Amino acid sequence: MYQTHLNNLRQPLIANDWQNGVFQLNILVTGGCGFIASNFIRKELSENSENTITNLDSLTYAGNPSNCKDFEENPRYSFIKADINEINRLKVRKDFDWIVNFAAETHVDNSISGPDAFVKTNINGALELLKFCRQNDINFFQISTDEVYGSIEKGAFKESDVFLPNSPYSASKAAAEMLVRAYQKTYGLKTLVSRSSNNYGPFQHPEKLIPLFITNLLEGKKVPVYGSGLNVRDWVFVEDNSKMLSIMLNSGKTNESYNIGGLNERSNLEITRMLLKGLGKDEKSIEHVEDRKGHDFRYALDCKKFEKDFGKFKRAEFQKGLQLTIDWYKNNASWWKPLKQKKE
Ligand SMILES: NC(=O)c1ccc[n+]([C@@H]2O[C@H](COP(=O)([O-])OP(=O)(O)OC[C@H]3O[C@@H](n4cnc5c(N)ncnc54)[C@H](O)[C@@H]3O)[C@@H](O)[C@H]2O)c1
């Protein structure tokens with residue numbers, strides 16, 4: 001399906017001869033030492049053998065160079081330590097085909113206690129990247145989130161639905177998307193936007209729900225469940241999200257946004273119980289804590305547009321993806337223990 005689609009491209013990109021099967025993209029990935037982007041780069045380098053990747057990351061507390069260890073020697077990969085806000089002052093190559101912007105402050109709880117950093121990176125940083133793209137004729141891919149739509153009790157959000165973000169984090173991501181839209185409409189910049197649901201898998205910082213709970217249980221600690229635990233999220237395995245992003249990026253399509261969900265809705269309590277079971281613990285390990293301020297009740301995505309444009313995508317079975325994730329954290333205590341100690 002993926003190859004068939006490549007052969008039917010309508011819009012040739014700079015430096016690529018799609019008709020004759022030469023597909024090479026020079027990609028600047030921002031935030032590549034974080035969770036999703038490091039998984040994305042790994043996939044991109046292994047599956048699209050012509051593409052080159054430059055990773056620009058300022059290495060905040062969430063950026064971990066060891067996430068990139070297994071591909072740092074790859075001749076098609078390079079790393080620049082810098083803030084996205086500095087992009088227009090850096091002496092970097094300017095002949096990229098795409099910037100894929102993963103760099104962000106991402107933890108909702110941090111956005112509630114300190115929103116400024118979220119505005120600086122997620123909004124101002126995105127604007128600097130957009131200016132750089134416009135100046136140098138580079139396409140721009142914004143990695144956004146389902147949280148821009150806000151909460152929904154029934155049904156699922158479509159790409160055309162209005163944005164009603166409820167946290168400083170989701171508001172900053174929604175604002176960035178508005179800038180992307182403005183650059184596309186006003187200056188004709190070629191853009192793509194993905195809005196994915198909650199990702200899970202290896203290399204996720206232990207501040208986030210699934211790795212926090214796994215590592216707490218491995219350390220014999222309790223797991224803090226917000227409020228009733230009935231809030232619902234859709235969960236997508238990070239490798240599936242990476243693959244779907246790669247399909248979008250390598251498709252030749254531009255000026256579209258796509259929902260990327262796992263088609264896998266679970267309440268926080270259900271996730272907690274699955275993790276307890278997977279780690280041989282019982283409900284005595286649950287500690288109910290005060291609910292997050294403005295906690296969205298349910299996120300849900302309608303993913304038919306992606307399917308219509310790129311064909312059916314077979315996602316990982318949740319039980320298997322979760323077990324693989326549990327096993328990864330069991331086997332990589334030396335990766336997560338220092339991160340948890342830093343937080344304490
Ligand atoms: N994790 C999820 O479930 C999820 C879901 C939907 C969308 N997203 C989006 O996906 C992207 C990646 O999320 P993640 O969870 O992998 O993030 P993460 O927190 O694991 O990593 C963020 C990375 O960005 C880097 N960074 C932060 N500020 C920077 C700056 N000013 N300049 C350069 N680099 C900077 C950090 O050092 C880190 O490497 C984000 O844009 C996020 O909004 C995440």
- Query: Each label point is 7 Å from the Cα along the Cα-to-Cβ direction; what then is the distance between the points at Lys81 and Asp95, in nm?
  - Reply: 2.8 nm
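Per residue, what volume in Å³ does the Cα convex hull of the chain take up? Spell out each step's value before the answer.
Values: hull volume 44.7 nm³, N = 344.
Value for the chain: 130 Å³ per residue.
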- Message: Which log10 I(q)/I(0) values does segment 207-344 give at q = 0.13, 0.16 Å⁻¹ under the Debye formula, counting every alpha carbon as one identical point scatterer?
- Response: -0.67, -0.94
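At a Förster radius of 25 Å, what calculated FRET efficiency corresponds to the Cβ-Cβ distance of Lys293 and Gln341, to the nearest 0.05? Before the final figure, lay out each step's value.
Details: r = 27 Å, r/R0 = 1.09.
E between Lys293 and Gln341, to the nearest 0.05, is 0.40.
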- Message: Show me the ranking of peptides 174-180, 75-81 by mean Cβ neighbours inside 10 Å, starting with the highest.
- Response: 174-180, 75-81
- Query: What is the helix-to-structure angle for 35-47, meaning the angle in degrees between its Cα long axis and the longest Cα principal axis of the chain, kept from 0 to 90 and rounded to the nearest 10?
  - Reply: 50 degrees
- Which of Asp309, Asp97, Asp83 moves most in a GNM of the chain, Cα contacts under 10 Å? Asp309
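Could you please report the charge total around Leu192, scoring K, R as +1 and D, E as -1 over all other residues with beta-carbon less than 13 angstrom from its beta-carbon? List each step's numbers first, then the result.
Numbers: positive: Arg181, Lys190, Arg195, Lys253, Lys305; negative: Asp97, Glu159, Glu177, Glu256, Asp309.
With Lys, Arg at +1 and Asp, Glu at -1, the net is 0.
Can you sort Val92, Val193 by how many other beta carbons sit within 10 Å, fewest first? Before the final figure, lay out the partial values.
Details: Val92 16, Val193 23.
Taking fewest neighbouring Cβ atoms as first place, the list is Val92, Val193.
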- Measuring from label point to label point, each 7 Å out along Cα→Cβ, what is the Glu256 to Lys312 span in nm? 1.9 nm
- Item | Percent of beta bridges antiparallel (DSSP, segment 189-344, rounded to nearest 5) | 20 percent
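Provide the gained length on full extension for the span Leu263 to Lys222, in nm with one decimal, where the gain is 0.36 nm per separating residue minus the Cα-Cα distance. Can you show the working numbers first?
On the way: separation 41, 0.36 × 41 = 14.76 nm, distance 2.89 nm.
Going from the current span to full extension adds 11.9 nm.
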- Message: To test your reading of the geometry: what angle, between 0 and 90 degrees and rounded to tens, separates the Cα axis of helix 318-331 from the longest principal axis of the chain?
- Response: 80 degrees
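Kindly rank 37-45, 319-327 from highest to lowest mean number of other beta carbons found within 10 Å of each residue. It would help to have the intermediate numbers written out before the result.
Numbers: 37-45: 24.0, 319-327: 16.3.
So the peptides 37-45, 319-327, ranked by packing, come out 37-45, 319-327.
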- Rounded to 10°, Cα long-axis angle of helix 168-187 versus longest principal axis of the chain: 10 degrees
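Percent antiparallel among DSSP beta bridges with both residues in the chain, to the nearest 5?
Just about 10 percent of them are antiparallel.
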- Message: So for segment 13-145, considering every pair of alpha-carbon atoms, how many percent are separated by more than 24 Å?
- Response: 28 percent
- Query: What is the mean projected area of the alpha carbon convex hull for segment 99-221, to one decimal in square nanometres?
  - Reply: 9.1 nm²
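Coordinate-derived values only; no laboratory data. These figures come from a predicted structure and were not determined experimentally. Every residue, glycine among them, receives a Cβ derived from its backbone with ideal geometry; neighbour counts consider all protein chains shown.
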